[in-house]
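The values are calculated or read from the model by the stated rules, or taken from the named source; none is laboratory data. Computed from a predicted model, the values in this text were never measured in an experiment. Neighbour counts are summed over all protein chains in view; Cβ atoms, including those assigned to glycine, are modelled from backbone coordinates with ideal geometry. Accessible surface areas use protein heavy atoms only, side chains included; no ligands, DNA or RNA. Shrake-Rupley method; radii C 1.70, N 1.55, O 1.52, S 1.80 Å.
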Amino acid sequence: MATCYHWGGSKGSDCRAISPEIVYEDRNGHHYCLLHTPKYYIGPKGFFIGEKADYSPKSRQFEKKKFDEQLEILIKNQEAELIIRFDNIYFPESFNNSFDSYNQPEKIFQFIGCYNLGSFSNGEIKSVRIDKCEMNGLHAHNMQIEELTVTSSTIRRRAELRDSKIGTMSFHNSEFDCRLRIHKVNECRKNNYKCSIYFNEMIFYQDVEINNIKYNDENSEFRIVNSIFEKNLYYHDNEINDFINFKYCKFNGGKAYLEYIDAGKIKLSSLNLEYLRFTNCKFPEKYKEIEDDSTSKAEEIYRDLKKIAFDQRDYSLVSKWHFLEKEMATINARKDKNYLVYVFLIAYKYLSGFGEKPSQAIISLCIYIAFVLVVLSSLGVAYTGFGFQVDWSVARSIFFSLRDFVPFFVTPTKDTLLSFIDQNWLLLILYNLLAGFGRLYCVVQAALLTFAIRNKMKR
């Protein structure tokens, strides 16, 4: 007797022993199971692919109600097993919602070598695993699934996962000839897996859109590895706590449009930078690692992104990538013990935000003026001694002494503190050193402020 996987428990059984009413014999003596036709027939040595010309009209008269009854029998015969197998089953194209209102929260549905697998709706299944299947569509809505895995399969016409609670979604070594859309999907509360979306060694021939995904799990991520996109990827309005990982992806004809996401959580490689487009994204104000190999590589990635944004004349992004590039350069200088560069970059950051923040440059100038006033007041107190009575001539000289600390006045005025402290050589040296440093600082800070204003106006 031939054996197929229309199962009757833990051991394989002949379809004729399980559901004889759906098995018939053709003119060549081959037995067909209507659950498996028209792709397969049962022969003396197992499964063989049949020809349409040899199909009996009986297979065309297989109603959806009867088909669903046979699925129920198949599931019932495996109710003692954790994994319910559906092997080499042909799902007629005209039958929609093949798995509607199935509630199997403790079972794993495993589909191997099936054709035209339909949709899942209004139910709960612990895990759905699809392997080596050819499908005209993949559709799921109003479902609760802990794990959805698609491996070595082809989806041809329509693919949409929406309005569901799905834990991990993994797609491996498969092809989508149709548009794939995943939207309005939340994490499954019962999920024992890491709430994430994985694309590994995939080929997408049409657009891919992923939006309104909410995974609050601290380890959740969206990862695309070694995949090819022939059209565009749209990724927007998603809340995924951990990293968004784009590594070794190839965009042949489209771009990756990233909107309303946290750009500080992206892991990138230099292979795909020119295809990325950022719109209304959140950028970190300080370093957050986006590349897991090294900060030096991250610095190169930011520099390349800055160049790409400049070539595209997206000057707001030029400013973002420039800031993050210098953050990486600062960290690398410290790691390489290049302390001169490190100190310079730290000063560059706090004086003007790496030339990108005019407000920070103005604040730095205000802090400097306040510091000078404190120092001059201290010198005045050192001359007059501490008391509650104000010497207004000294107070006036402190105000006029500010002119010695800015580079716009070449010669000191006679009304400065110099007229009071010229007999104290220590105070005189300290005063002139501070004045010389202050003039140099003002020149540098004025240049940084001008540069920052220029960048702000341009970008």
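Ordering Leu324, Leu448 from largest to smallest accessible area (1.4 angstrom probe), what's the sequence?
In descending accessible area the options line up as Leu448, Leu324.
Just order 100-106, 435-441 by mean Cβ neighbour count inside 10 Å, highest at the front, would you? Can you show the working numbers first?
Working: 100-106: 12.7, 435-441: 15.3.
Going by the mean number of other Cβ atoms within 10 Å, highest first, we get 435-441, 100-106.
Give me the number: length gained by fully extending Asp163 to Leu430, i.e. 0.36 nm times residue separation minus the C-alpha to C-alpha distance, one decimal in nm.
89.0 nm
At R0 = 51 Å, how high is the FRET efficiency between Gln104 and Thr450 if r is their beta carbon distance? Nearest 0.05 is fine.
0.15
What nm distance separates the two modelled labels at Asn212 and Phe437, each placed 7 Å from Cα along Cα→Cβ?
6.0 nm
Ranked from highest to lowest mean number of other Cβ atoms within 10 Å per residue, what is the order of the peptides 338-349, 77-88?
Working: 338-349: 14.3, 77-88: 16.1.
Result, highest mean Cβ count within 10 Å first: 77-88, 338-349.
Accessible area per residue of region 99-140 at 1.4 Å probe, in Å²?
30 Å²
Once the piece of chain linking Glu201 and Arg179 is laid out straight, how much longer is it, given 0.36 nm per residue of separation minus the C-alpha distance between them?
Difference between extended and current length: 6.2 nm.
For the pair Glu300 and Lys76, what calculated FRET efficiency results from E = 1/(1 + (r/R0)^6), where r is the Cβ-Cβ distance and R0 = 60 Å, to the nearest 0.05?
Rounded to the nearest 0.05, the efficiency is 0.50.
Determine the alpha carbon to alpha carbon distance for each of Lys255/Lys337; Lys307/Lys335; Lys107/Lys267; Lys337/Lys357; Lys307/Lys357 and list only those over 31 Å.
As for pairs spanning more than 31 Å Cα to Cα, those are Lys255/Lys337; Lys107/Lys267.
Going by accessible area, probe 1.4 Å, with all protein chains left in place, what is the ranking of Val444, Val372, largest first?
Solvent-accessible surface, decreasing: Val444, Val372.
Measure off 7 Å from each Cα along the Cα-to-Cβ vector at Thr154 and Ser378, then give the distance between these two points in nanometres to one decimal.
For the pair Thr154/Ser378, the computed spacing is 7.9 nm.
With only Lys, Arg, Asp and Glu charged, each at its Cβ (+1 for the first two, -1 for the last two), find how big the charge dipole of region 87-237 is about the Cα centre; round to the nearest 20 debye.
Computed charge dipole of region 87-237: roughly 180 debye.
Would you kindly find the accessible area of Lys66, with a 1.4 Å probe and non-protein molecules such as ligands, DNA and RNA excluded, rounding to the nearest 10 Å²?
So the heavy atoms of Lys66 present about 70 Å² to solvent.
Suppose we take every Cα in region 131-201 and form the convex hull; what volume per residue is that in Å³? Mind dumping the intermediate values first?
Numbers: hull volume 5.2 nm³, N = 71.
Convex hull volume per residue, Cα atoms: 73 Å³.
So, for region 338-379, what is the accessible surface per residue at a probe of 1.4 Å, expressed in square angstrom?
55 Å²
When the accessible area of region 209-258 is split by element with a 1.4 Å probe, what percent falls to carbon and sulfur?
37 percent
In terms of modelled amide H atoms, which long-range or inter-chain residues lie less than 5 Å from the amide H of Asn88?
Ile112, Gly113, Cys114
What distance in nm separates the two pseudo spin-label positions at Glu274 and Ile363, each 7 Å out from Cα along the beta-carbon direction?
Between Glu274 and Ile363, the label points sit 3.9 nm apart.
Residue farthest toward the positive end of the dipole of region 109-250, with Cβ of Lys/Arg at +1 and Asp/Glu at -1: which of Asn116, Ile145, His236?
Asn116
At 0.36 nm per residue, minus the direct Cα-Cα distance, what do Tyr248 and Phe371 gain on full extension? Give it in nm, one decimal, please.
Length difference between fully extended and current span is 39.1 nm.
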